[in-house]
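Below: the structure, in structure tokens.
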There are 2 protein chains.
Amino acid sequence: MIRTHNCGQLNEKKINEKVVLCGWVASRRDHGKIIFVDLRDRYGITQLIFLPKPEELSSKAKKIRSEDVVKIKGVVNKRPAKTENPNIPTGLVEVCVEELEFLSRSEELPFELDKDKEVSKELTLLHRYLYLRKPEVTKKFILRHKLNQNVREFLNKKEFLEIETPILTKSTPEGARDFLVPSRLQPKKFYALPQSPQLFKQILMVSGFDKYYQIARCFRDEDLRKDRQPEFTQLDIEASFLEEDDVLKLTEEMLASVFFQVLGVKLKTPFPRISYQDALEKYKTDKPDIENNPVSGDYRFLWVVGFPLFEYNQEDKRWQSLHHPFTAPDSESVEGLGGNNLAQLKSRSYDLVLNGEEIGSGSVRIHSTEIQKKVFEILGISSEEAEEKFGFLLRSFKFGVPPHAGIAFGLDRLYAIITKSESIRDVIAFPKTQRGISPLTGAPGPVSENQLKELGIKKIEEE
Amino acid sequence: MIRTHNCGQLNEKKINEKVVLCGWVASRRDHGKIIFVDLRDRYGITQLIFLPKPEELSSKAKKIRSEDVVKIKGVVNKRPAKTENPNIPTGLVEVCVEELEFLSRSEELPFELDKDKEVSKELTLLHRYLYLRKPEVTKKFILRHKLNQNVREFLNKKEFLEIETPILTKSTPEGARDFLVPSRLQPKKFYALPQSPQLFKQILMVSGFDKYYQIARCFRDEDLRKDRQPEFTQLDIEASFLEEDDVLKLTEEMLASVFFQVLGVKLKTPFPRISYQDALEKYKTDKPDIENNPVSGDYRFLWVVGFPLFEYNQEDKRWQSLHHPFTAPDSESVEGLGGNNLAQLKSRSYDLVLNGEEIGSGSVRIHSTEIQKKVFEILGISSEEAEEKFGFLLRSFKFGVPPHAGIAFGLDRLYAIITKSESIRDVIAFPKTQRGISPLTGAPGPVSENQLKELGIKKIEEE
């Protein structure tokens, strides 16, 4: 290590110690011949002081600019009375610098990192590395890290296994659009990026893993209106031999544990539940933010249950799944799969709503080949189409499938709410714009005709 | 929960308790009129016994087939003397069944799940859900989970942050091939899947995150000879204000901690080091498995250090990086970047070798724009090309870049060695064949002309 401490560690106990610090220059203030520098890293800010002598050092210090990366040697001193800053952990001390080394210099910044200065979204995306240095932005990613790790710890203790599922997989017709990846080894064939690990997590249940989770990357090639990203992160959970209530309780226990451990917030469980029908009737929405929610002042969690199994698409004149085609009908609705009252059928699905936003959704799955076939028939999915698109799931069901259920949470959305961020972009290190562009890297970019030729494809020429 | 216990929990303390178990039928044995069934789940095997009466139950039990999923109610009994199986935790008890329910039936299996039966690789990939049920296979994924979580725990304690980097990014010229993803919102432009988070982890250092890691999915569209997969998992680590020895020590401490916690194996640290030149001279390889390695009997870790910075590509008649273009030259070699003795220059890189296989590789990175430019010149990368390909990294370096270093480990390879697996396929839940095909899902698959048209591309017709 080329430093002895980080910029958040020095305090009164270290007075008179010789230290080496490294960090970014947050500010320089010249008070007559004395120069003060705030040195910043992820851990905090330490005040440096350069005395008028030796002159060589003092004149070197005068060249210090904001965001230069420097290494200093010095002695920890108590700050003079009335110059302390009790608001930060290092606020009672300063380091009197004896040696200064520029590790790298900064050019003039495209924007200031001050908390109160507004920065255009374009600039924060183009110079993401600068925006991420802002302490209040850095904190969001430290929090995201802690939340993720606490979720993992909770699920690990409950004997859930984190298992990685493929990113290069097969196109499935789940509504929204798949990103395609041309294969070079299999020319003119394409992988698809998963919209979720749905089929794989069900296969993992058929494989007997019993309790699965994954903090999984998912992809959707949709028009990015609203607050969406082409790639997003999902906490994906599935378990065997359990029912709706078990998933709801597990979720409540997990969120209560994580919110308390990381945020110090006590959530009152169980969360209130409302039926889909009541939600629509009373609040005109399937994700209401109800009054007098007892869970927590800041965090108004609510379960919405009893969704219809199907909804009629007037435009296409066909029935479609309200959730997805693997959602189980409730026991009273199984019979109705053969009937004409499809709009009345209810599913065993549940959505978790937080402050009026959907942050989780799941269901008990169909584990009967017969029921699955009937659902496909209603959805107008032919047996050939079913075989082609998810034949592998149906095939696996022939060899002993356990009853299973699960849920998936949109972590970007959840973390944006927790950090009171305007957009999910604020909790994604390297997000894209609404047009799917990364101003930082310039992705997506042009590729050569030759690269495409190897894949057996070419660009369509303009007419 | 529809069960009271799992199949690994019952023991003498539970005798006389009424229990509900669920699981897969591992075997059925009829001893006269008494029927024995081994019920299996991820946690273990419990012996069920069906008595001759009531006859209705007994005749239902006679229909039980291997891999049926059943739910039973019954009473825990002590096994009769001399019928105990002391080799399994549940071996002193059996459950006398009172109720039996088939949750789902299994057709005849394409292969038996017995430990000793050889199964063709094709079948294990096609019916992956069956292969994964084999207890010795399941164990590998439980171990993989524990190893991953222990790695995270270790790094979390050291204040490393796990930060997610993009999967949809820009093509970079790091040697091997990128998978391309056509963009619909930006027609005729392409994302690339990352071969590693290399550029992003360096940008995270410029962003001040100080200590980063990620268990990251990486992609390479290479010819899959040997034991390679188009997508693989890497433990990616980067930190600021540190040097080679810090990375080596961190790695040794991490592996010693994880191996002890998960495997009960004590690794002797520090690991031995050998120079690249000595390795080549003495062992004719840059990843030797040296005699009398003191680290551990089963795990012969070895650092290889002092690699050349460049190697000459005879075919293309040009210099190329032995590691990658961001690898720092050692202090003695910096001067030589302007000279003619390029073959003599050494880099600040290090490889970790385990039992003769490379499982990790890293370096101190260049943090000087000047040195980076000289390296690009030697590699024949024009400033336009550098700007286009990784201009964003070079741009970030203008605003204060800390000295930084890192390492990346191939987790699939490491876990294959630990589990004594023949192939990395054995530690990947849903692997692909050497031709990049998933026999389970059928990926990659055909897509429609319309899907391609939306992306602004079409297939090249055969001549």
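Exactly one residue out of B:V305, B:V364 is open to solvent by 30 Å² or more (accessible area, probe 1.4 Å) and touching a residue at least 40 places away in the same chain (Cβ under 8 Å): that is B:V305. Residues that are among the β-branched types (V, I, T) and touching a residue at least 40 places away in the same chain (Cβ under 8 Å) number at least 2 in the following strands (runs of 3 or more DSSP E) confined to region B:6-65: B:18-31, B:44-50. When A:E122 is tested against (1) in a loop (DSSP other than H, G, I, E, B); (2) closer than 19 Å to A:S423 by Cα; (3) more than 9 Å from chain B (Cβ to nearest Cβ), just one condition goes unmet, and that condition is (1).
Sort out which residues of region A:335-350 are of a type in the set (A, V, I, L, M), surrounded by 17 or more Cβ atoms within 10 Å (Cβ to Cβ) and not in a loop (DSSP other than H, G, I, E, B), and write them in order of number. Walk me through how you get there before you give the answer.
Within region A:335-350, the subset of a type in the set (A, V, I, L, M) is A:337, A:342-343, A:345.
Going one step further and asking which of them are surrounded by 17 or more Cβ atoms within 10 Å (Cβ to Cβ), we end up with A:337, A:345.
Hit for region A:335-350 is A:L337, nothing else.
Selection of region B:253-277 for residues being assigned to a helix (DSSP H, G or I) and polar (S, T, N, Q) yields B:S257, B:Q261, B:Q277.
Residues considered: B:I15, B:I49, B:I64, B:I35. Of these, the only one that is more than 14 Å from chain A (Cβ to nearest Cβ), of a type outside the set (K, R) and more than 20 Å from B:P89 (Cβ to Cβ) is B:I35. For region A:91-110, does any single residue satisfy the condition of being out of contact with any Gly (no Cβ under 6 Å at 6 or more places or on another chain), surrounded by fewer than 20 Cβ atoms within 10 Å (Cβ to Cβ), more than 14 Å from every other protein chain (Cβ to nearest Cβ) and β-branched (V, I, T)? No, the conditions are met nowhere in region A:91-110. Test of understanding: among A:R184, A:R152, A:R225, which residue is touching a residue at least 60 places away in the same chain (Cβ under 8 Å) and closer than 23 Å to A:F259 by Cα? Among A:R184, A:R152, A:R225, only A:R152 is touching a residue at least 60 places away in the same chain (Cβ under 8 Å) and closer than 23 Å to A:F259 by Cα.
If you check B:R395 against the conditions, is it within 17 Å of B:Y212 (Cα to Cα) and basic (K, R)? So B:R395 fails the test. All of (1) closer than 24 Å to B:T441 by Cβ; (2) in contact with an Asp or Glu (Cβ under 6 Å, 6 or more places away or on another chain) hold for A:D351 with one exception: (1).
Here's the yes/no breakdown for (1) of a type in the set (F, W, Y); (2) over 40 Å from the mean Cα position of the chain (by Cα); (3) at pLDDT below 95:
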residue: B:V75; (1), (2), (3): no, yes, no
residue: B:R79; (1), (2), (3): no, yes, no
residue: B:N87; (1), (2), (3): no, no, yes
residue: B:L92; (1), (2), (3): no, no, no
residue: B:V97; (1), (2), (3): no, yes, no
residue: B:L103; (1), (2), (3): no, no, no
residue: B:P110; (1), (2), (3): no, no, yes
residue: B:K115; (1), (2), (3): no, no, yes
residue: B:E118; (1), (2), (3): no, no, yes
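Restricting to region A:194-206, name every residue that is facing another protein chain (nearest Cβ under 7 Å) and without any contact (Cβ under 8 Å) to a residue 40 or more places away in the chain. Once the filter is applied, which keeps residues that are facing another protein chain (nearest Cβ under 7 Å) and without any contact (Cβ under 8 Å) to a residue 40 or more places away in the chain, region A:194-206 yields only A:F200.
Selection of region B:266-294 for residues being modelled with pLDDT under 95 and aliphatic (A, V, I, L, M) yields only B:I290. Does B:F376 qualify as being more than 30 Å from B:I142 (Cβ to Cβ), open to solvent by less than 20 Å² (accessible area, probe 1.4 Å), of a type outside the set (D, E) and within 12 Å of chain A (Cβ to nearest Cβ)? No; evaluated as a whole, the condition is false for this residue. Scan region B:255-265 and tell me whether some residue there is within 11 Å of chain A (Cβ to nearest Cβ) and either modelled with pLDDT of 95 or more or surrounded by 21 or more Cβ atoms within 10 Å (Cβ to Cβ) (or both). Among the residues of region B:255-265, not one is within 11 Å of chain A (Cβ to nearest Cβ) and either modelled with pLDDT of 95 or more or surrounded by 21 or more Cβ atoms within 10 Å (Cβ to Cβ) (or both), which makes the answer no. Looking only at residues in region A:430-449 that are more than 8 Å from every other protein chain (Cβ to nearest Cβ) and within 19 Å of B:E164 (Cα to Cα), the one that is least open to solvent (accessible area, probe 1.4 Å) is A:P431.
Looking across region A:66-84, just one residue is surrounded by 14 or more Cβ atoms within 10 Å (Cβ to Cβ) and without any contact (Cβ under 8 Å) to a residue 12 or more places away in the chain, and that is A:E84. Residues that are modelled with pLDDT under 95, farther than 20 Å from A:P135 by Cβ and open to solvent by 70 Å² or more (accessible area, probe 1.4 Å) do not occur anywhere in region A:4-16. Selection within region B:203-233: residues that are under 12 Å from the mean Cα position of the chain (by Cα) and of a type outside the set (G, A, S). The member of this set that is farthest from B:T169 (Cα to Cα) is B:R228. Of the residues in region A:404-413, none is within 11 Å of another protein chain (Cβ to nearest Cβ), of a type in the set (K, R) and in contact with a strand residue (DSSP E or B) (Cβ under 9 Å, 6 or more places away or on another chain).
Working only within region B:81-106, note down all residues that are out of contact with any strand residue (DSSP E or B) (no Cβ under 9 Å at 6 or more places or on another chain) and either part of a strand (DSSP E or B) or more than 29 Å from B:Y129 (Cα to Cα) (or both). Before you say what the answer is, go through the steps one by one.
Taking region B:81-106 as the starting set, the residues that turn out to be out of contact with any strand residue (DSSP E or B) (no Cβ under 9 Å at 6 or more places or on another chain) are B:81-82, B:86-87.
Once the filter is applied, which keeps residues that are out of contact with any strand residue (DSSP E or B) (no Cβ under 9 Å at 6 or more places or on another chain) and either part of a strand (DSSP E or B) or more than 29 Å from B:Y129 (Cα to Cα) (or both), region B:81-106 yields B:A81, B:K82, B:P86.
Considering the conditions (1) open to solvent by 50 Å² or more (accessible area, probe 1.4 Å); (2) in contact with a helix residue (DSSP H, G or I) (Cβ under 7 Å, 6 or more places away or on another chain); (3) hydrophobic (A, V, I, L, M, F, W, C), B:I45 is excluded by exactly one of them, (2). If you go through region B:228-248 and keep only what is more than 7 Å from chain A (Cβ to nearest Cβ), assigned to a loop (DSSP other than H, G, I, E, B) and open to solvent by 40 Å² or more (accessible area, probe 1.4 Å), you end up with just B:R228.
The values are calculated or read from the model by the stated rules, or taken from the named source; none is laboratory data. Given the structure is predicted, the values throughout are model-derived calculations rather than measurements. Note: ideal-geometry Cβ built from the backbone for every residue, glycine included; neighbour counts use all protein chains shown. For accessibility, only protein heavy atoms count, side chains too; no ligands or nucleic acids. Shrake-Rupley method; radii C 1.70, N 1.55, O 1.52, S 1.80 Å.
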